[in-house]
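Peer 1: Take a look at this one; I'll ask things after.
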Amino acid sequence: MAQAFSNSAAISSARSESVSTPGYQAFQILRFGFTVAPIVAGLDKFFHLLVNWDQYLPPFVNNLTGGHGHQLMMAVGVIEIVAGLGVAFKPRLFAYVVSAWLLLIIVNLLMIPGYFDVALRDLGLSLAALALARLSQEYGG
């Protein structure tokens with residue numbers, strides 16, 4: 001019986017130590033950010049409170065969709081919401097999805113003159129999502 005309490009105390013102590021490590025804290029910060037940001041951006045594809053997201057769609061893509069670029073952006077919003085929820089519940093997988101998604105966004109932005117600064121910012125975000133995926137290997141999810 002004493003052995004069981006001793007093992008339980010050791011496990012509890014190990015968990016509290018890992019919670020206070022900078023690596024675990026970085027994991028939680030990134031997990032929070034890559035849960036909230038995609039969900040907020042995805043929802044805003046429907047409401048345009050933050051920005052008119054349709055401006056980030058190259059004209060030829062709008063033409064490819066038969067002029068239904070706005071509906072495409074709403075589909076993008078649904079994908080982003082799912083990705084954000086995925087990071088919340090399964091960051092080990094969905095952080096890679098978010099990183100890849102951001103790389104696709106960069107390719108899209110490079111086709112629109114004047115948005116290279118946003119593409120550079122998204123490169124940083126993609127690398128941060130990749131860091132979250134790597135941290136997830138150690139800290140869970």
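None of the figures in this text is laboratory data; all of them are computed from the coordinates on show. Values in this document were obtained by computation on a predicted structure and should not be read as measured data. As a convention, Cβ positions derive from the backbone with ideal geometry for all residues, glycine included, and neighbour counts pool all protein chains shown.
Peer 1: Of the peptides 64-77, 124-137, how do they stack up when ordered by the mean number of other Cβ atoms within 10 Å, highest first?
Peer 2: The densest-packed peptide leads the list: 124-137, 64-77.
Peer 1: For helix 22-47, what angle does its Cα long axis make with the longest principal axis of the chain, in degrees from 0 to 90 and rounded to 10?
Peer 2: It is inclined by approximately 30 degrees.
Peer 1: What is the angle, in °, between the Cα long axis of helix 2-19 and the longest principal axis of the Cα atoms in the chain? Nearest 10 is fine, range 0 to 90.
Peer 2: Helix 2-19 sits at roughly 30 degrees to that axis.
Peer 1: Right, next: Among 32-38, 21-27, what's the highest-first ranking by average C-beta atoms within 10 angstrom per residue? Don't skip to the end; give the middle numbers.
Peer 2: Working: 32-38: 18.7, 21-27: 14.0.
Going by the mean number of other Cβ atoms within 10 Å, highest first, we get 32-38, 21-27.
Peer 1: Between beta-carbons, use under 10 Å as the cut-off and find the net charge around L135, counting Lys and Arg +1, Asp and Glu -1. Don't jump to the answer; show the numbers that get you there.
Peer 2: On the way: positive: R31, R92, R134; negative: E138.
Once positives and negatives cancel, what remains is +2.
Peer 1: Something else now. Below 12 angstrom from the Cβ of Y96, what's the summed charge of the other residues (Lys, Arg +1; Asp, Glu -1)?
Peer 2: Net local charge, Y96 excluded: +3.
Peer 1: Here's a follow-up. Between K90 and V19, take the C-beta separation as r, use R0 = 30 Å, and let me know the FRET efficiency to the nearest 0.05.
Peer 2: 0.90
Peer 1: Within 14 Å, Cβ to Cβ, of D44, how many net charges do the neighbouring residues add up to if Lys/Arg are +1 and Asp/Glu are -1?
Peer 2: -1
Peer 1: Computed over the Cα atoms, what is the radius of gyration of the range 25-139 divided by 2.2 N^0.38 Å, N being its residue count?
Peer 2: Cα Rg divided by the expected 2.2 N^0.38 Å: 1.08.
Peer 1: Next up: Could you give the nm distance between label points at L120 and L64, where each point is 7 Å from its Cα heading toward the beta carbon?
Peer 2: Using points 7 Å along Cα→Cβ, the separation is 2.7 nm.
Peer 1: Return one number: the angle in degrees, 0 to 90 and rounded to the nearest 10, between the long axis of the Cα atoms of helix 116-139 and the longest principal axis of the Cα atoms of the chain.
Peer 2: Rounded to the nearest ten degrees, it is 20.
Peer 1: If you stretched the chain out fully between F46 and L110, how much longer would it get, using 0.36 nm times the residue separation minus the C-alpha to C-alpha distance?
Peer 2: Taking 0.36 nm per residue and subtracting the Cα distance, the gain is 20.7 nm.
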